[in-house]
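The values are calculated or read from the model by the stated rules, or taken from the named source; none is laboratory data. As the structure is a prediction and not an experimental result, all values here were calculated from the model. Using ideal geometry, Cβ is built from the backbone for each residue, glycine included, and neighbour counts are taken over all protein chains shown. What goes into the accessible areas is simple: the full protein's heavy atoms, side chains included, and nothing from ligands, DNA or RNA. Shrake-Rupley method; radii C 1.70, N 1.55, O 1.52, S 1.80 Å.
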Amino acid sequence: MEIITTVSRMKEYVRGAKGRGETICLVPTMGYLHEGHLDLMRMGRPLADRLVISIFVNPTQFGAGEDLDKYPRDLPRDTALAQSTGVECIFHPDALEMYPVGYQTYINVEEITDGLCGASRPGHFRGVTTVVAKLFNIVEPDVSVFGEKDYQQLAVIRKMVEDLNMAVQVLAHPTVREEGGLAMSSRNKYLSPEERESALVLNRSLKRAAGRVKGGERSAGVIRSEVVAAIEATPGCRIDYVEIVHPDTLKPLETIESKAVMALAVRVGKTRLIDNMTLGV
Ligand code: PAF
């Protein structure tokens, strides 16, 4: 397996692969890989001739005071894990390689970044779409796999690909969960055993909400209030947002008439966790 740190070598690798008529699947990550990431790679493996992942803790998607500096990193461990799933190449540039001195171009997807994480993390999605667009330009993947845990991120990337006519197929992998239902995230590492226990309320509330819709409740307000009450009653939890939104536009819904998505972000201690679930009618 090759670990590539420069854009020029990565482009050379891609030229070689394309020259041999090979297709490329890209799984973008920020590293500190967990089972959720590995599942994205396992899904990507049969989809193309070359499986490339990127490991890049992207500074432009972190706001002031967020965890950029302490974001967990462990390249040797990530390399071994990635290799075990059949990854052939890791693109691992540093920040200056991706954003050289004088860098000044950003991509901004508008309306669907207004709410949810877009509202509570201003500038976050501008950083995500910018880096993902750069990765797509550098690696030229035929297909790229993202996790549904970051529901808004997936929707925003799909919108960017559609609006900018990018020639990449974006595929989604369902959220991978730990035993007990906690959605896998590199940030789970920050949780103490007590916080980990409290964090189970996220998935529990989402499942309960899905059950309420199945049972006939149609008022988003009623379901939202129940979820808010359950989370507020859990030690160490502070709600960032709890919303029921249209699955494509991500606009808040009052009534659940067809499919909807419940998305939430909660601080458990100092760790901000997100999760979501489709509420089907
Ligand atoms: O989901 C992530 O890990 C990141 O937001 C991504 C897509 C790799 C862009 O930095």
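Descriptive notes on the structure:
- Residue, surrounded by the fewest Cβ atoms within 10 Å (Cβ to Cβ), within segment 149-169, restricted to residues that are away from the ligand (no atom under 11 Å from the Cβ) and not in a helix (DSSP H, G or I): ASN165
- Look at segment 157-170: where a residue is at pLDDT 95 or above and a partner is assigned to a helix (DSSP H, G or I) and away from the ligand (no atom under 15 Å from the Cβ), sitting 6+ places away or on another chain with Cβ atoms under 9 Å, you get LYS159/GLU111; LYS159/ILE112; GLN169/LEU47.
- Beta carbons closer than 6 Å, at least 6 apart along the sequence or on distinct chains, pair a first residue in segment 45-58 that is at negative phi and more than 9 Å from the ligand (Cβ to nearest atom) with a second that is open to solvent by less than 10 Å² (accessible area, probe 1.4 Å) and not in a strand (DSSP E or B) for ARG50/ALA17; LEU51/GLY44; LEU51/VAL87; VAL52/VAL139; ILE53/ALA82; ILE53/VAL87.
- For segment 1-94, the strands (runs of 3 or more DSSP E) that sit wholly inside it and include 2 or more residues that are open to solvent by 40 Å² or more (accessible area, probe 1.4 Å) are 2-4.
- When the residues of segment 108-135 are filtered to those that are assigned to a loop (DSSP other than H, G, I, E, B), buried (at least 18 other Cβ atoms within 10 Å of the Cβ) and within 14 Å of the ligand (Cβ to nearest atom), the one that is farthest from the chain's Cα centre (by Cα) is VAL109.
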